[in-house]
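As structure tokens, the structure follows; a few thoughts come after it.
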Amino acid sequence: MKAIILDVDTGIDDALAISYAVRSPELNVLGITTCFGNVTVEEATRNTLVVLEHLDSEVPVIPGAGKPFLRQPTKGSTPHIHGEDGIGNTLKELPKRSAEQGHAAPFMIDRIQSQPNQVTVITVGTLTNLALAIQQAPDIVRQVERVVVMGGAVTVPGNVTAYAEANVFADPDAADYVFRSGIPVTLVGLDVTMKTLLSIEEMTNWRNKTSKLGPFLADMTEFYMGAYERFYPGIGGCALHDPLAVGAVIEPGFVKSVPMRLQVGLEGETLGRTTGTPDADANVAVCIEVDADRFLAHFLSRVC
Ligand code: BDR
Ligand code: CA
């Protein structure tokens with residue numbers, strides 16, 4: 001089993017990624033850390049606990065950053081994509097369980113240092129918590145097994161601006177700090193996630209399930225698909241951004257990557273742009289191909 005920490009800004013595709021990770025016996029989820037992004041950090045923590053309740057999971061949830069690494073916060077929610085509550089307006093009750101005391105960054109440091117070279121960190125929100133962890137304990141750069149980041153758009157256009165992907169755009173300084181730190185990163189960006197689409201037919205099956213999870217995920221995913229249809233008319237589904245980052249840890253063969261030196265745009269119209277220069281010695285492996293059919297079949301077999 002691979003020990004992982006999943007860092008989220010839950011978010012509909014984050015909810016799908018959490019379900020995929022918790023339901024995969026190859027992974028030992030040490031904890032789920034939360035950050036601002038799709039919603040506020042408080043909402044991300046609440047949503048994560050709600051999702052875990054539907055999964056009957058007791059995985060610890062540790063709240064993290066509520067604002068960017070260096071700059072002032074800007075608009076921090078995406079109701080047009082993820083709903084007013086972040087989970088497609090499915091929120092009915094507050095979670096029964098509370099989050100852990102403490103902060104995401106020290107949690108990451110502690111778990112990485114107590115199992116050197118064993119822990120993989122998967123980030124599917126902003127890179128703020130990881131940047132804070134590296135700033136507080138620079139040695140984790142050599143002690144972590146690997147970081148798998150859902151973020152960036154190196155060979156394709158962005159989804160917030162013409163250049164920038166949402167997770168990098170929301171905290172470009174954190175992304176820049178993480179990439180420059182030398183930490184080993186696999187970048188699962190829009191380059192591959194926009195090729196992993198879940199269709200409405202595949203999702204509709206979830207409603208036939210007797211578990212409480214299936215209809216809950218179907219309701220929120222239907223909302224997400226509506227947003228995709230508005231932004232990308234005729235696309236016929238929604239992108240499984242965050243689940244693909246989890247998939248790339250379970251089965252690295254789902255993706256193919258090229259080592260690149262990454263630069264993050266920090267101002268002007270290129271804010272949040274991720275520019276990659278091929279370099280065999282670089283610390284970032286940028287995923288450029290995905291076996292979408294194999295990944296999708298695996299994801300579906302695990303989630304509902
Ligand atoms: C990323 O942005 C968020 O809205 C999604 O949850 C995903 O992590 C895609 O750009
Ligand atoms: Ca996310």
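The values are calculated or read from the model by the stated rules, or taken from the named source; none is laboratory data. These figures come from a predicted structure and were not determined experimentally. Positions of Cβ are backbone-derived with ideal geometry, glycine not excepted, and every protein chain shown enters the neighbour counts.
General observations
- The sole residue among Thr128, Thr123, Thr155 that is within 16 Å of ligand 1 (Cβ to nearest atom), at pLDDT 95 or above and more than 26 Å from Val290 (Cβ to Cβ) is Thr128.
- Unique residue being within 16 Å of ligand 2 (Cβ to nearest atom) and out of contact with any Cys (no Cβ under 7 Å at 6 or more places or on another chain) when the list is Val154, Val160: Val160
- Cross-chain or 6+ apart pairs with Cβ under 6 Å, segment 52-70 first and closer than 12 Å to Ser19 by Cβ and crowded, with 17+ Cβ neighbours inside 10 Å, then modelled with pLDDT under 95 and among the basic types (Lys, Arg): His54/Lys212
- The sole residue among Gly64, Gly37 that is of a type outside the set (D, E, K, R) and either at positive phi or touching a Pro at 6+ places or on another chain (Cβ under 6 Å) (or both) is Gly37.
- Of all residues in segment 20-34, none are buried (at least 24 other Cβ atoms within 10 Å of the Cβ) and within 9 Å of ligand 2 (Cβ to nearest atom).
- Looking only at segment 163-180, and only at residues there that are within 18 Å of Thr33 (Cα to Cα) and of a type in the set (A, V, I, L, M, F, W, C), the one that is farthest from ligand 2 (Cβ to nearest atom): Val178
- Candidate set: segment 221-241, residues that are hydrophobic (A, V, I, L, M, F, W, C) and in contact with a strand residue (DSSP E or B) (Cβ under 8 Å, 6 or more places away or on another chain); chosen: the one surrounded by the fewest Cβ atoms within 10 Å (Cβ to Cβ): Ile235
- Qualifying residue in segment 263-281 (condition: assigned to a strand (DSSP E or B), within 20 Å of Pro172 (Cβ to Cβ) and basic (Lys, Arg)): no
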